[in-house]
Amino acid sequence: MERAVRRMRKLLPFLIGVVAVAAIACGEGASPEAAPAEAPASAPVSEALEVPTPSSVAQASPSAPAAAPAQSEAVAAAETRSGGTFRRLWADPPTLDPHLTTDTTSAGVVVELFGGLVTLDTDLQLVPDLAESWKISDDGLVYTFTLRPEAKFHDGKPVTAEDFKWSINRAANPQTASPVADVYLNDIVGIEDVLEGRATDVSGVRVIDSHTLQITIDAPKAYFLAKLTYPTAYVLDRENVEAGGRGWTDSPNGTGPFKLKEYRIGERIVLERNENYHREPAKIDLVVMNLAGGQSMAMYENDEIDITGVSLFDLDRVLDPSDDLNSELVIAPPDFNISYIGFNTTMPPFDDLKFRQALNHAIDKELIASEVLSDLVVSAYGILPPGFPAYNSEIQGLRYDPELAKQLLADSPYPDADTRPRIVVTVPGSGGTIGLDLEVVIEMWRQVLGVEVEIQQVEWATYLQDLNNEKFQAFAGLGWQADYPDPQDFLDILFHSESSINHGGYSNPEVDRILEEARVEQDATRRVSLYRQAEVMIVDDAPWVPLWYQGERHVLIKPYINDYRLTPMIIPKLREISIGR
């Protein structure tokens, strides 16, 4: 206890200085929702409604929590009308091309403009989208989809099985340069041949007739259907893409519940209702996404936007029952995400296991979570988030142990600052403050180990590109959010040695073997056991510093906004919103 007090006294002067700056700045930017692939999560307590984190949806599981209703019963019972505009903060998406989407900022728009064969509803259950039904062969290898006869593109043109076949071929084509086609479509027979340029046609995708599509996969896999909810498997209009050239997304002819009415970079995105949507059309007329930035709480209080997260700076005020905003407060369950610091295990000094472990053991996460982040986050010692399928509450991980950290550093090939390679941690940004938690982590590394770290900031779109190309020595300011609720979406996609989203080049043949066995395991209990075994091994190998799972989310929603669902990952949901009189 006495040693802990001394540690606090040593750390407090640094914390006070950082908090004075960050308490005001934290999270006042745009608020893209977290979901499919990488996304910045440098501010775990930011005002982002669902903190941007690389994403990742697997087959819906009973353990997946239902989406939280975003209004009181009184508001839900209020009279509603068709029409109106839903206004929110967002950020410029790196892309609106579904086949290139790897981040939550893009996905939050893409899922409203486009669609695929299947989707997830707001309770995270797998439901039909453009396919009205499907059959699976007895051996689990062949999926036969029947398309809805009323399915149309935004311009009224019917969606056919040939459109889906062309779209899958296009996603896998090397000229498309999809960073994730090999991750989200690699179960389909023939995908690798197209990705490697040995073929131009995915042999495992067959058109039976204009409304029947057949997909053959390489092995029976419980999560395959859920993988098809990711934008890489969305259908595109061939004529729209080919006629539009590189700028085709300026006027995309999608199939989703909304059309792109206007996109002015740095100003706004406006979505309008698709009246011919094949499911129930949206209730609201427009969605306006403000891209110009600003202080979201001030904009909310000035009636410029209809929804905002609550930052640490404003939380006490909003929690006070006497405050006018308290009645508009919604507390939602955590997202399925984790924020982390990643190491490139192929680059010195992170090529050494003991050095990576030393950095993990030098971080007092409980102290940061409590004293810096006001217990709004939960310290992460594993990979899978709480409530997620196969989550292991018993995992120990690499916990704070400064003496062990010092010994590991001394036993590593890089014990001395004078001979140790220069360490650069790259974060997304353009000259602003980095995450408060990251600043404290870096100071702990300096105080406990004498390890000095430089920070490099890179604009978000460039950051994603360089991350996919494994250019960074170490990377932070991001997290991973579930694309589908299956552990394969975290452990296999992020840590298998052949995954293109394994950005740190981590490789452990035994982990690969276990993950490959879990892919085809049909017994649910055995499958969970395999993933838990792999998770423990990955954590011990320390390719990451797992930082935080998100705690409860505090969100303000205008009382006239009905049926906005706070879901733990990005799904199409804006069509369900209605506006009360």
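So here's what we get for this one:
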read-out	value
One residue from 219, 177 being of a type outside the set (Ser, Thr, Tyr), at positive phi and in a loop (DSSP other than H, G, I, E, B)	177
Lone unmet requirement of (1) touching a helix residue (DSSP H, G or I) at 6+ places or on another chain (Cβ under 7 Å); (2) of a type in the set (Lys, Arg); (3) within 22 Å of residue 507 (Cα to Cα) for residue 406	(3)
Evaluation of residue 476 against (1) aliphatic (A, V, I, L, M); (2) touching a strand residue (DSSP E or B) at 6+ places or on another chain (Cβ under 6 Å); (3) over 29 Å from residue 535 (Cα atoms) (one fails), failing number	(3)
Subset of segment 393-423 (residues that are buried (at least 17 other Cβ atoms within 10 Å of the Cβ) and either over 12 Å from residue 449 (Cα atoms) or in contact with a strand residue (DSSP E or B) (Cβ under 9 Å, 6 or more places away or on another chain) (or both))	397, 398, 400, 412, 420, 423
Residue within segment 430-445 that is in the same structural domain as residue 350 (by TED's automatic domain parsing), surrounded by fewer than 18 Cβ atoms within 10 Å (Cβ to Cβ) and of a type in the set (A, V, I, L, M, F, W, C) present	no
Residue identified as under 26 Å from residue 515 (Cα atoms), crowded, with 18+ Cβ neighbours inside 10 Å and modelled with pLDDT under 95 among 233, 172, 222	222
Output for segment 194-214, where each listed residue is crowded, with 22+ Cβ neighbours inside 10 Å and closer than 25 Å to residue 154 by Cα	205, 213
Residue selected from segment 140-154 under the condition surrounded by fewer than 16 Cβ atoms within 10 Å (Cβ to Cβ) and not charged (D, E, K, R), by the criterion nearest to residue 224 (Cα to Cα)	140
Filter pass, residue 497 being at pLDDT 95 or above and either surrounded by fewer than 23 Cβ atoms within 10 Å (Cβ to Cβ) or more than 30 Å from residue 110 (Cα to Cα) (or both)	yes
Selection count where residues are of a type in the set (A, V, I, L, M) and over 22 Å from residue 261 (Cβ atoms), scope segment 101-129	6
Segment 470-502, residues that are in a loop (DSSP other than H, G, I, E, B), closer than 27 Å to residue 424 by Cβ and in contact with a Pro (Cβ under 9 Å, 6 or more places away or on another chain)	473, 497, 500, 501, 502
Any hit, segment 545-555, residues being in contact with a strand residue (DSSP E or B) (Cβ under 6 Å, 6 or more places away or on another chain) and under 22 Å from residue 284 (Cα atoms)	yes
So residue 161, is it within 23 Å of residue 202 (Cβ to Cβ), crowded, with 17+ Cβ neighbours inside 10 Å and in contact with a Phe, Trp or Tyr (Cβ under 6 Å, 6 or more places away or on another chain)	no
Residue among 535, 521 that is over 26 Å from residue 334 (Cα atoms) and either of a type outside the set (Val, Ile, Thr) or in contact with a Lys or Arg (Cβ under 9 Å, 6 or more places away or on another chain) (or both)	521
Identity of the residue in segment 264-279, part of a strand (DSSP E or B) and in contact with a strand residue (DSSP E or B) (Cβ under 7 Å, 6 or more places away or on another chain), that ends up surrounded by the fewest Cβ atoms within 10 Å (Cβ to Cβ)	268
Tabulated pairs, segment 506-521, first assigned by TED's automatic domain parsing to the domain that holds residue 536 and surrounded by fewer than 22 Cβ atoms within 10 Å (Cβ to Cβ), second among the polar types (S, T, N, Q) and outside any helix (DSSP H, G or I), C-beta under 6 angstrom, 6+ apart or interchain	507/497; 512/497
For residue 227: the one exception among (1) surrounded by 21 or more Cβ atoms within 10 Å (Cβ to Cβ); (2) of a type in the set (Lys, Arg); (3) touching a strand residue (DSSP E or B) at 6+ places or on another chain (Cβ under 7 Å)	(3)
Which listed residue is part of a loop (DSSP other than H, G, I, E, B) and either among the small types (Gly, Ala, Ser) or outside the structural domain of residue 155 (by TED's automatic domain parsing) (or both), from 369, 298, 282, 358	282
Pair list, Cβ under 7 Å, 6 or more apart: segment 118-136 residue more than 17 Å from residue 164 (Cβ to Cβ), other residue of a type in the set (Lys, Arg)	122/565; 122/573
Residue identified as more than 27 Å from the chain's Cα centre (by Cα) and on the phi > 0 side of the Ramachandran plot among 204, 156	156
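The values are calculated or read from the model by the stated rules, or taken from the named source; none is laboratory data. Since the model is a prediction, treat every value here as computed from it, not as a measurement. All Cβ positions, even for glycine, are placed from backbone atoms using ideal geometry, and neighbour counts span all protein chains on display.
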